[in-house]
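In what follows, a single structure is set out as structure tokens and then discussed.
The values are calculated or read from the model by the stated rules, or taken from the named source; none is laboratory data. Keep in mind that this is a model prediction, so the values were computed, not measured. All Cβ positions, even for glycine, are placed from backbone atoms using ideal geometry, and neighbour counts span all protein chains on display. Surface accessibility is based on the protein's heavy atoms, side chains included, excluding ligands, DNA and RNA. Shrake-Rupley method; radii C 1.70, N 1.55, O 1.52, S 1.80 Å.
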Amino acid sequence: MKLASLKHGRDGRLVVVSRDVARCTSAARAAETMQAALDDWANVRPALEAIATELETGGGDPFDQNNCASPLPRAYQWADGSAYVNHVELVRKARGAELPESFWVDPLMYQGGSDSFIAPHDDIPLADEAWGIDFEAEVTVVTDDVPMGVSATDAAKHIHLIMLVNDVSLRGLIPGELAKGFGFFQSKPSSAFSPVAVTPDELGDHWRDAKLHLPLLSFLNDQAFGKPEAGVDMTFNFGQLIAHAAKSRPLGAGAIIGSGTVSNLLDGSPGKPINDGGVGYSCIAEIRTIETINNGKPSTPFMKFGDRVRIEMNDENGASIFGTIDQVVTKYKK
């Protein structure tokens, strides 16, 4: 089943989307909003599935991704992990920092702002190019209510939706914030999620071991930038990430948990750009890190006003699964 939220008020208007992401129909008879559906998922899901079955037989309205908000236009919880430790190791190596051994057994995670997500086809408004504007292509999951202290195995049972995300990062602000010893805040502006959220069963065998096993595609100014396999080199699966987030607190329905930047090794070494025969990268920082390691300094610039980023994932037949995150960086005007 595929779901989306059309722009409407603060919390959107829930619709069911056809498998080919071409048509949609109102979900109002089951739930008005995505959050309302997640709040009572066990009871609401059968009604949503009935609507989805009807939609596949025909009818509905054209699905225009430009009219979509993020599936959850705002959420009670957005916590982003860093499950691809290869990525963490590279970034730290570029600044001369060792990777603590604990990072391989205890996930990194930060709590992002969840009160103002950017719609998947809306601009990314930022005030200053000098902030080091970067995109991060990731996979995320959405849960129902998760009890405190849940095991990783049981945590995976609470995953009900899967999405993609552009976790926008301001690399120039990160070092100063981390130096304070209190984590990210200004360096992590609003994120943007894929137009469509899908249930795990929709992904078939591509969803297994609480991981999504398909390439995550990213494009910068219409040039292929990354196509790493999301299920490869993922040190912590989503069950482990959810259990980490719920160690000392319960998670409310609609909690979003991110994978962190998807990153693949190549023959045990840092990856290569697509043009050099590699799978590329899911953020600019990673290629800059490799350039720094190899050449002493980076050569790929961060994003400028007018730059465009596109993030998507296709099935084995090349058909879009989640729709497309398609955004242009613009100068913020008060």
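Worth a mention:
- Meets criteria (more than 21 Å from the chain's Cα centre (by Cα) and at pLDDT below 95) for E129: no
- The single residue among R19, R45 that is under 18 Å from I162 (Cα atoms), open to solvent by 20 Å² or more (accessible area, probe 1.4 Å) and in a helix (DSSP H, G or I) turns out to be R45.
- Restricted to region 31-81, and to residues there that are in contact with a Phe, Trp or Tyr (Cβ under 8 Å, 6 or more places away or on another chain) and either at pLDDT below 95 or charged (D, E, K, R) (or both), the residue that is nearest to L14 (Cα to Cα) is R74.
- A residue that is touching a residue at least 24 places away in the same chain (Cβ under 8 Å) and touching a strand residue (DSSP E or B) at 6+ places or on another chain (Cβ under 8 Å) cannot be found anywhere in region 286-296.
- Yes/no for R74 being at negative phi, in a loop (DSSP other than H, G, I, E, B) and in contact with a helix residue (DSSP H, G or I) (Cβ under 7 Å, 6 or more places away or on another chain): no
- Within this structure, A36 fails the test of being open to solvent by less than 40 Å² (accessible area, probe 1.4 Å) and either under 24 Å from the mean Cα position of the chain (by Cα) or free of Cβ contacts under 8 Å to residues at least 24 places away in the same chain (or both).
- Meets criteria (touching a Pro at 6+ places or on another chain (Cβ under 7 Å) and farther than 22 Å from N67 by Cα) for L170: yes
- Restricting attention to region 269-300, the residues being part of a loop (DSSP other than H, G, I, E, B) and over 23 Å from E138 (Cβ atoms) number 4.
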